[in-house]
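Quick notes on the structure that follows.
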Amino acid sequence: MRRLSEATYAAGPRPERVGILHLGLGAFHRAHQAVFTEDAGAAEWGICGVTQRSATVADQLRPQDCLYSVLERGRDAVDCRVVGVVRDVLFAEAEPERLRQRFSDPAVRIVSLTVTEKGYTKDAAVVDRLVRGLDARRRGSGAPVTVLCCDNLTANGRTLRRLVQQHCAALPPADGEALAEWIASNVRFPSTMVDRIVPATTAEDRAEVAARLGLADEAAVVAEPFRQWVIEDDFAAGRPEWERAGAQFTGDVGRFETMKLRLLNGTHSLLAYLGALRGHDTIAQAVADPDIAEAARGLLERDALPTLAVPEGVDAPGYVADVLERFANPALRHRTTQVAMDGSQKLPLRLLGTIRDRLAAGRTPVYAARAVAAWMVYVAVGRDRDGRPLPLEDPLADRLRAAAGSAGERAAGKAIVDGLLAVREVFGGDFAELADHAELRAVLEEQVRELLPGRP
């Protein structure tokens, strides 16, 4: 079958030049910010996508002139569209000079990122790459630029700005101080909240795209119909009219961020760990399990919702109902083990804040604790109730396994809880007091025992 490309597909008008440099050209960006940008319809806001860990996405997109399809799977309908807003793609490790030129180009007025939660540490490669790119811009055009974080982090713009400042401070003083001063005067870091469920693309998905287009698309992505983007309107050098595509601009992204992290993302993690332990392959199957559905609703309504300052104009009960409805969509086939990845990075953002706030209010967060207990069993046992192995894909995987002990040696709930609560990278910092909370420990121990293999 012929490949999707400009020669084989009559794409609509495409941006005339690149105005956005995006670090982390994965499926989420292509299904979310890229679609918003294309629908905003501005000719000067084409995207140059940067792949960071491998050349796979670059190898998929280049033969297709950077065209790709988004397969929207709703409960009752499927839609396939071809997106043309990406105009260039490069592999950072192999093309450092091209990346430096893009950073320095004054036509590039936004540098955006989707690198997942684990990419945001002071010494992370992406922060180093961003700082080096900003320094190249300072030494070159010197033009102002906006750095737009689009990952699930509380106050993600401020968090990234702090990491950039820390990285500058670690440079030799003559370089670091000059760069820090230039950034303070010329770079903005607005916060954002992004929301769209984007499962991993399967061979079946690519086959369906081929059947619909009559062309092979190696870069196809899959998404639910729903999409949301809330953005702090603080840009150094202009921006696309994303509001034309449905984005919402506000001076207070924080409430939207916290609501989404605790309601949608926290529940997603609960469904992933409880569902995987019960042998459910997809999130939709987990929601269809009455016991897991009860836990999900309990987390939403009894634990998470009472901790929130709901943004003005948001129907909180309606939001909760929509979350469960979206997760129940069987057409998405979002795998539980995919959502379960990187739990050590996700739990503090998605669940531990809810637990801390409910305990402070004198309440026992039973359902949020159950989600954490399910993660603990997932780590400690590494298989579902039918004996099938469960992958532990986490930057702290070895550390977590050592802390939990093997299932044969330390299958008791107390030992597993003690070992994992001692992992300061998860239960430290703002959540250090949780490890010493007697009531929480008791709840976790009880629930871990209930979730260990051999229990109904």
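Read-outs: derived from the displayed coordinates by stated rules, not from any lab. Values in this document were obtained by computation on a predicted structure and should not be read as measured data. Please note: Cβ atoms are built from the backbone with ideal geometry, for glycine as well, and neighbour counts cover all protein chains shown.
Quick notes on this structure:
- Paramagnetic reach from Ala178 in the range 136-165 [backbone N under 11 Å; point 7 Å along Cα→Cβ]: 138-140
- Candidate lysines - alpha carbon under 29 Å from Lys122, same-chain residues fewer than 8 apart omitted: Lys260, Lys346
- Label zone of Ala360 (point 7 Å out along Cα→Cβ, amide N under 18 Å): in the range 416-451 this covers 427-440.
- Taking 0.36 nm per residue of separation and subtracting the current Cα-Cα distance, fully stretching the chain between His437 and Ser185 would add 86.3 nm.
- Here the relative contact order of the chain, from alpha carbon pairs under 8 Å that lie six or more residues apart, stands at 14 percent.
- By DSSP, the beta bridges lying fully in the chain are antiparallel in about 30 percent of cases.
- In order along the range 219-226, the Karplus-derived 3J(HN,Hα) couplings, from 6.51 cos²θ - 1.76 cosθ + 1.60 at θ = phi - 60°, round to 10, 4, 10, 10, 8, 6, x, 5 Hz, and Gly and Pro are given as x.
- Filtered GluC sites (Glu not before Pro), the range 241-344: DSSP coil and at most 15 other beta carbons within 10 Å: Glu241, Glu312
- Measuring nothing but alpha carbons in the range 301-416 and taking Rh as the Kirkwood radius, the Rg to Rh ratio lands at 1.01.
- Scanning the chain for long hydrophobic helices, with DSSP H runs required to stretch 18 angstrom or more by C-alpha along their axis and to average at least -0.5 on the Kyte-Doolittle scale, returns 125-139, 173-186, 366-381, 438-451.
- Virtual spin-label span in nm between Arg53 and Lys414, 7 Å along Cα→Cβ: 3.9 nm
- Spacing of the two label points (7 Å from each Cα toward its C-beta) at Met1 and Ala170, in nm: 4.6 nm
- Relative frequency of Cα-Cα separations exceeding 18 Å in the range 309-353, percent: 53 percent
- Residues with amide H under 5 Å from that of Ser112, placed H, sequence gap 5 or more: Leu21, His22, Leu23, Leu148
- Residue (of Val339, Val381, Leu270) at the positive-pole extreme of the range 254-451, dipole from beta-carbon charges: Val381
- Val314 paired with Ala124, simple spin-label distance in nm, labels 7 Å along Cα-to-beta-carbon: 2.2 nm
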